[in-house]
Amino acid sequence: MNKKIKRANDIKKAESIFSCPICRSQMRVCDTNSFVCTNGHTFNIAKQGYVNFLDHPIKTNYGKDVFEGRRAIITQSGLFAPLYHSIADVIACQKAHSMNKRTLAMLDTGCGEGSHLSRIYKHISSFNGDSVTGVGIDISKEGILAASKKYDELIWSVADLANTPFNDRQFDVLLNILSPANYKEFKRLLTDDGIVIKVVPRRDYLKEVRQFFFDNKEKQTYSNADIIARFTHNFHHVKYLNLRYTQILAKTEIQALVQMTPLTWDQSKKKIHQFLEKEFIDLTVDLDLLIGRKTTK
Ligand SMILES: [Zn+2]
């Protein structure tokens, strides 16, 4: 079976999750090229197998280079591996306590090139058999294109976080990793016993990069207090997990780090060159995992 037919079949199996972002009616996969709502709004299934739900392309600062850098960091250095273990543990506990149905539906909101979701999906599949539906959305077509070329087992869509192409209460787990959120939409999408897991940088996240590039002491650290306050205001039974570790990055991985992180985007070529001359760096990962529910029960 060619890739496009397989992808269209995968979307068809999950089509009850989707609703038209224009009129909210049900979507149907009509053939391998098109995903159509009952009112005839049609969205193209690209040859790589993703669906584009945006009626016009949106320009972001996240281009091909950024996604290539991020993928290299994730797949080559394993920089975020402890994060995936922690998230998988949270989902496993949640599933054991309250999610009784067999299939678990998980959405990554702002998935970029898909490597975070793919790795978390592998962890979850190991304890949940084949019964996990994993969906990734991002507003960047570059990100979704890269995700759909690489990761066959998941469903990928270009979509607006403020108006996602899904029915209400479809997801047991929403992931929002180092990416902007839309809590109104998150609450619409979550099942009643579902959880949202938001990952935000903490004070010392990538501090070695900040200290190298910024003279201003204020920019050398980072505060997530506002984000935590907003999250706590929007969700119930909120729990926090802090995850902090350091990892050595080798020269080629430093190159990928520079490509990936917005911290270096406005820096001079000279300064970036100096950073790239390092043989290795000790890099600090300092993250908060915020876990919340939409209901008080
Ligand atoms: Zn429609």
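Readers should treat all values here as calculations from the given coordinates under stated rules, not as data from a laboratory. All figures in this text were calculated on a predicted structure; none of them were measured in a lab. We place every Cβ from the backbone using ideal geometry, glycine too, and count neighbours over all the protein chains shown.
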- Label-point separation in nm, R28 to S126, each point 7 Å along Cα→Cβ: 4.1
- Along the principal axes of its C-alpha atoms, what lengths does the stretch 149-297 span, in descending order and rounded to whole Å? 52, 36, 25
- Note on the structure: In whole percent, the Cα-Cα distances of the stretch 1-49 spread across 5 Å bins from 0 upward as 5, 26, 31, 23, 11, 3, 1
- Message: Testing the spin-label approximation: label points 7 Å from Cα along Cα→Cβ at T246 and N9. State their distance in nm.
- Response: 5.0
- Query: What ranking do 227-236, 46-55 get when scored by the average of other Cβ atoms within 10 Å per residue, highest first?
  - Reply: 46-55, 227-236
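Count the lysine pairs in the stretch 1-49 whose Cα atoms sit under 13 Å apart, keeping only pairs 8 or more residues apart in sequence or on different chains. List each step's numbers first, then the result.
Details: K3/K47; K4/K12; K4/K47; K6/K47.
Summing the qualifying lysine pairs gives 4.
What's the extension gain from T75 to N44 if we count 0.36 nm per residue and subtract their Cα-Cα distance?
Values: separation 31, 0.36 × 31 = 11.16 nm, distance 2.98 nm.
Gain on stretching T75 to N44: 8.2 nm.
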- Query: Taking N as the number of residues in the stretch 182-252, what is its alpha-carbon radius of gyration divided by 2.2 N^0.38 Å?
  - Reply: 1.46
- Item | the stretch 1-139 - Rg over Rh from alpha carbon coordinates, Kirkwood radius | 0.99
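With the cut-off at 32 Å, report for the chain the share of all Cα pairs above it, as a whole percent. It would help to have the intermediate numbers written out before the result.
Values: 11785 of 43956 pairs.
Cα-Cα pairs of the chain separated by over 32 Å account for 27 percent.
Treat the count of other C-beta atoms within 10 Å as a stand-in for reagent exposure and order C93, C111 from fewest to most. Could the numbers behind the result be given before it?
On the way: C93 12, C111 28.
Taking fewest neighbouring Cβ atoms as first place, the list is C93, C111.
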- Output row, site Q211, 7 Å Cα→C-beta label point, backbone N cut-off 11 Å, window the stretch 274-297, residues 282-284
- Message: Treating the stretch 124-179 as a set of equal point scatterers at the Cα positions, no solvent, please give the Debye-formula log₁₀ I(q)/I(0) at q = 0.17, 0.19, 0.26 Å⁻¹.
- Response: -0.64, -0.80, -1.27
- How do 24-31, 113-120, 161-168 rank on mean C-beta neighbours within 10 Å, highest first? 113-120, 161-168, 24-31
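For Q274 and T60, FRET efficiency with R0 = 25 Å and r from the beta-carbon atoms, rounded to 0.05?
On the way: r = 28 Å, r/R0 = 1.12.
That gives a FRET efficiency of 0.35.
Ranked from highest to lowest mean number of other Cβ atoms within 10 Å per residue, what is the order of the peptides 187-195, 264-272?
187-195, 264-272
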- Query: Any idea which of G49, C30, C20 is furthest toward the positive side of the dipole for the stretch 1-49, if Lys and Arg beta-carbons carry +1 and Asp and Glu beta-carbons -1?
  - Reply: G49
- Task: Starting from the Cα of A92, move 7 Å in the Cα-to-Cβ direction to define the label point; list residues of the stretch 104-143 whose amide nitrogen is under 15 Å from there.
- Result: 120-129
- State which helices in the chain qualify, where a helix is a whole DSSP H run, it must extend 24 Å or more along its own axis by its Cα atoms, and its mean Kyte-Doolittle hydropathy must be at least -1.0. 81-98
- Message: Run the simple label-point estimate for K141 and D160 please: 7 Å along Cα→C-beta, distance reported in nm.
- Response: 1.6
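About its Cα centre, how strong a charge dipole does the chain have in debye, to the nearest 20, once Lys and Arg get +1 and Asp and Glu get -1 at the Cβ? Before the final figure, lay out each step's value.
Details: 43 positive and 32 negative charges, 71 e Å.
Charge dipole, the chain, about its Cα centre: 340 debye, nearest 20.
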- Message: Compute the distance from the alpha-carbon center of the stretch 22-40 to that of the stretch 226-297, in whole Å.
- Response: 38
